[in-house]
Amino acid sequence: MNSDIEQIKLTASIFLSPSKVVEVRTAKSPRLGIQAGWFDNVNDLVKNVELLSGKTIVYLTHNPVNPALMARAANKIKDRSEHTSSDKDVVRREWLYTDFDADRPAGISSTDTEHDKAIKKALEVYEFLQAAGIQKESLIVADSGNGGHVLIRIDLPNDASSLALIKKILMVLKTKFEDDGILVDQQVCNASRIGKFYGTLTMKGENTTDRPWRIAKILEHPIEIKPTTNELLASIANLIPDAPAVP
């Protein structure tokens, strides 16, 4: 199976809200380069992503981007895209993205054992965040196809203070949860960061028996998603010992 259409629809409904724009982007290929498109229509988004899945790895921007970028490729995918969304194109930070993956060589899929350990780690973080006061209505847990993701619904400006806050939260998670061969990615803090489009096939390296390709999927999500408070985010960020407090 190359895709899960219900998961693709779910992903589109979560990340593309009315009057917002997201970018879909693929891994670079020798023949087509980076394929990219900007979408404000859920039906077009789902249709295009379903066609891409199984041919390449498919990503999307979690945070909404400047609607002017629609002029590059509106509700369609363009081959050999010369431009992609940059940090300055993000209109607001709506998601804090965390990524848990096994420490393994680049360009290959995880084993079942590595995959399961990373998902378990993401679920531990999901429970930790709830214990810290973040409501389930603000949290998503997902399977990237190789590891685990936890996404926190936030509502922050795209500025230097928000970047500093998110970096500190990622460092807290690294300090508390990075062990047993599972890494907590510290590079996912930038506003225009892309993540797997859930419902699509993750195709790293060769599809082998011990390192198979898997479909990325959302594992836990609320019916109604609500942003968490900035105060709760700051309280988590300030769990780093001896680190400067976040205002």
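What number results when the radius of gyration of region 77-213, computed over Cα atoms, is divided by 2.2 N^0.38 Å?
On the way: Rg = 15.7 Å, N = 137, 2.2 N^0.38 = 14.3 Å.
Region 77-213 yields a ratio of 1.10.
Please state, rounded to one decimal and in Å, the Kirkwood hydrodynamic radius that region 101-162 gives when every pair of distinct Cα atoms enters the mean of 1/r.
13.1
If I take every Cα pair under 8 Å that is 6 or more residues apart in the chain, average their sequence separation and divide by the length, what percent do I get for the relative contact order?
24 percent.
May I have the pair-distance distribution P(r) for region 21-159, computed from all Cα-Cα distances with 5 Å bins from 0 and rounded to whole percent?
Histogramming region 21-159 at 5 Å steps yields 2, 10, 15, 16, 18, 18, 13, 6, 1, 0 percent.
In nm², what is the average projected area of the convex hull enclosing the Cα atoms of region 26-73?
3.6
Under 10 Å, Cα contacts only: if you run a Gaussian network model on the chain, which one of 98, 228, 113 comes out with the highest mean-square fluctuation?
113
Could you report region 101-235's accessible area per residue, 1.4 Å probe, as an integer in Å²?
That works out to 44 Å² per residue.
Return the long-range amide H neighbours of residue 154 (sequence gap of 5 or more, or a different chain), with a cut-off of under 5 Å between placed amide H atoms.
Those qualifying (amide H under 5 Å, at least 5 residues apart or on another chain) are 95, 96, 228.
Considering only protein heavy atoms, what is the solvent-accessible area of residue 235 at a probe of 1.4 Å, reported in Å² to the nearest 10?
Here the accessible area works out near 50 Å².
Determine the relative contact order of region 1-132: mean sequence separation of Cα pairs under 8 Å and six or more apart, normalised by residue count, in whole percent. Walk me through the intermediate numbers first.
Details: 177 pairs, mean separation 30.8, N = 132.
It comes to 23 percent, rounded to a whole number.
Using the Karplus curve 6.51 cos²θ - 1.76 cosθ + 1.60 with θ = phi - 60°, work out ³J(HN,Hα) for each residue of region 14-22 in order, rounded to whole Hz, and write x for Gly and Pro.
7, 9, 10, 8, x, 6, 10, 10, 10
Using Cα positions and a limit of under 19 Å, work out the aspartates and glutamates in reach of residue 28, with same-chain residues fewer than 8 apart set aside.
Hits, sequence-local ones excluded: 50, 79, 82, 206.
Report, to the nearest whole %, how much of the accessible area of region 171-247 belongs to carbon and sulfur atoms, 1.4 Å probe, protein only.
Using a 1.4 Å probe with all protein chains present, region 171-247 comes out at 52 percent carbon and sulfur.
I'd like the Karplus ³J(HN,Hα) series for region 47-61: coefficients 6.51, -1.76, 1.60, θ = phi - 60°, whole numbers in Hz, and an x wherever there's a Gly or Pro.
Working through the residues one at a time gives 4, 5, 5, 4, 5, 7, 4, x, 9, 7, 7, 10, 10, 9, 7 Hz.
How long are the semi-axes of the ellipsoid equivalent to region 1-94, from square roots of 5 times the Cα gyration tensor eigenvalues, in whole Å, largest first?
Output for region 1-94: semi-axes of 19, 17, 11 Å.
Tell me which of 160, 135, 235 sits at the most positive position along the dipole axis of the chain, charges placed on C-beta atoms (Lys, Arg +1; Asp, Glu -1).
Selected residue: 160.
Label-point separation (nm) for residue 47 and residue 226, each offset 7 Å from Cα along Cα-to-Cβ?
Label-label distance for residue 47 and residue 226, simple model: 3.6 nm.
Please compute the alpha carbon radius of gyration of the chain, then divide it by the globular-protein estimate 2.2 N^0.38 Å. Two decimals is fine.
Relative to the rule-of-thumb radius for its length, the chain sits at 0.97.
Take the chain, connect every pair of alpha-carbon atoms lying under 10 Å apart with a spring to form a Gaussian network, then pick out the residue of 72, 93, 214 with the largest mean-square fluctuation.
Maximum among the listed residues: 72.
With every protein chain kept in the model, how would you rank 185, 40 by accessible area, 1.4 Å probe, largest at the top?
Listed by decreasing accessible area, they come as 40, 185.
Given a 10 angstrom Cα cut-off, can you work out which residue in 51, 69, 183 is the most mobile in a GNM of the chain?
Among 51, 69, 183, the largest GNM mean-square fluctuation belongs to 51.
Which FRET efficiency value, to the nearest 0.05, do you get for residue 235 and residue 87 by plugging their Cβ-Cβ distance into 1/(1 + (r/R0)^6) with R0 = 25 Å? List each step's numbers first, then the result.
Details: r = 26 Å, r/R0 = 1.03.
Computed FRET efficiency for residue 235 and residue 87 comes out at 0.45.
Which value in Å does the Kirkwood hydrodynamic radius of region 158-247 take, with 1/r averaged over all unlike C-alpha pairs and then inverted?
Its Kirkwood hydrodynamic radius stands at 16.0 Å.
Quick one: of 20/88; 88/176; 168/226, which pairs are farther than 26 Å apart, Cα to Cα?
88/176
The values are calculated or read from the model by the stated rules, or taken from the named source; none is laboratory data. Quick caveat, the model's predicted, so the values are computed rather than measured. A quick note on method: Cβ atoms are made from the backbone with ideal geometry, for glycine too, and the neighbour counts reach across all protein chains shown. Please note that ligands, DNA and RNA were not included when accessible areas were found on the heavy atoms of the full protein model with its side chains. Shrake-Rupley method; radii C 1.70, N 1.55, O 1.52, S 1.80 Å.
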